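Here the structure comes first, spelled out in structure tokens, and everything after it is commentary.
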Amino acid sequence: MAPTGSANDAMNAPVNDGQTVTVSTLAELVDLLGEPLPRVAHKDRPRLGDIDRQWLAASPFCLIATAGANGSCDVSPKGDPPGFALVLDDTTIAIPERPGNRRADGYRNLLENPHVGLIFLVPGRSDTLRVNGRATLVRDAPFFDDMRVKGHRPVLALVVEVEQVFYHCAKAFLRSDLWDAQTWRPDAVPSRACIAQQLERPEESLSELERYYGAAYAQQLYRS
């Protein structure tokens, strides 16, 4: 007899090989983690408030999560001087695109699936602001003039229609000691130049790449 059930059923079937036991249902997940407190479950809001605007004005960095129609995912960092995410109104923010590597993985995803998730960080703060919504790629608008940095006017902006906004607690940052400079070990991994030479640009010498990623690199951040 041919097996019954869909391909998804097979994919979601629990795996128990004696060592690894997976979770495949919402009931199992809730049984393990428990239900959130009501104040946590219902803390999301559909629009920006005054405190959210203050946070965005102080934030120089965010992470943007997207997924394509085929399920391929991307999380891209965006950074600029504090306040780079421009609040257009209580339900709309705009994030400028700056010169980069032109992969545009997240933007490619958004052309297929407009849903987007953002996390905004303020250096030294362990809580974060989360914004979920639908995004549109805009190639020009009057507000682009308000997003100039060091003479650079963006050629593209991500305009997000806010659907959900809330603050995420500090536990992950506290557990990781992320902002504790005494825990930082930047030399524990190969340098940017070494990674580029081994994985991305093997035809160039390490000394050439060290010069490229040296002091002059930071002077070219707003050059196309």
* **For the range 31-62 and the range 102-132, distance of Cα centres in Å** => 15 Å
* **Whole-Hz ³J(HN,Hα) from phi, Karplus 6.51 cos²θ - 1.76 cosθ + 1.60, for the range 27-35, glycine and proline x** => 4, 4, 4, 5, 4, 6, 9, x, 8
* Step through the residues of the range 106-113 one at a time and calculate ³J(HN,Hα) from phi using the Karplus curve (6.51 cos²θ - 1.76 cosθ + 1.60, θ = phi - 60°), rounding each to whole Hz and writing x for Gly and Pro. => x, 5, 4, 4, 5, 5, 9, 8
* To do: Report Asp145's accessible area, 1.4 Å probe, all protein chains in place, as a number in Å² to the nearest 10.
  => 80 Å²
* Which residues' amide hydrogens lie under 5 Å from the amide hydrogen of Gln164, considering only partners 5 or more residues apart or on another chain, with H built in the peptide plane? -> Asn132
* With springs only between Cα atoms under 10 Å apart, run a GNM on the chain and tell me which of Thr22, Thr128, Thr66 wobbles the most. => Thr22
* Accessible-area composition of the range 84-203, carbon plus sulfur, in percent [1.4 Å probe] -> 51 percent
* To do: Determine, from the Cβ-Cβ distance of Ala65 and Thr20 and an R0 of 35 Å, the FRET efficiency 1/(1 + (r/R0)^6), rounded to the nearest 0.05.
  => 0.85
* Structure fact -> Probe 1.4 Å, all chains present, heavy atoms only: His115 accessible area in Å², nearest 10, is 90 Å²
* Asked: Between Gln54, Gln19, Gln198, which gets the highest mean-square fluctuation from a Gaussian network model of the chain, Cα cutoff 10 Å?
  -> Gln19
* What's the extension gain from Thr92 to Glu161 if we count 0.36 nm per residue and subtract their Cα-Cα distance? -> 24.4 nm
* Asked: Using the Karplus equation 6.51 cos²θ - 1.76 cosθ + 1.60 (θ = phi - 60°), what ³J(HN,Hα) coupling, rounded to whole Hz, does each residue of the range 204-209 give in order, writing x for Gly and Pro?
  -> 9, 6, 4, 5, 5, 6
* Asked: For Arg201 and Leu37, what does the FRET efficiency come to when R0 = 35 Å and r is the distance between their Cβ atoms, rounded to the nearest 0.05?
  -> 0.10
* Asked: At 222 nm, what helix-only mean residue ellipticity would the chain give, in deg cm²/dmol to the nearest 500, using -39500 (n - 2.57) for each DSSP H run of four or more?
  -> -5500 deg cm²/dmol
* Any idea of Ser72's accessible area? Nearest 10 Å², probe 1.4 Å. -> 50 Å²
* Structure fact -> If one builds a Gaussian network model of the chain from Cα atoms under 10 Å apart, the most fluctuating residue listed among Gly124, Gly83, Gly214 is Gly214
* Structure fact -> To the nearest Å², the heavy-atom accessible area per residue of the chain with 1.4 Å probe amounts to 67 Å²
* Could you pull out which residues in the range 77-119 have an amide N less than 18 Å from a spot 7 Å beyond the Cα of Leu221, following the Cα-Cβ vector? => 77-86, 95-102
* **Inter-site label distance for Val149 and Ala172 at 7 Å from Cα along Cβ, in nm** => 2.2 nm
* Placed amide H near Leu88: partners under 5 Å, 5+ positions off or other chain -> Ile93, Ala94
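The values are calculated or read from the model by the stated rules, or taken from the named source; none is laboratory data. None of these values were measured; they are calculated from a predicted model. FYI the Cβ positions are ideal-geometry reconstructions off the backbone, even for glycines, and counts take in every protein chain you see. In case anyone asks, the SASA skips ligands and DNA or RNA and just uses the protein heavy atoms, side chains included. Shrake-Rupley method; radii C 1.70, N 1.55, O 1.52, S 1.80 Å.
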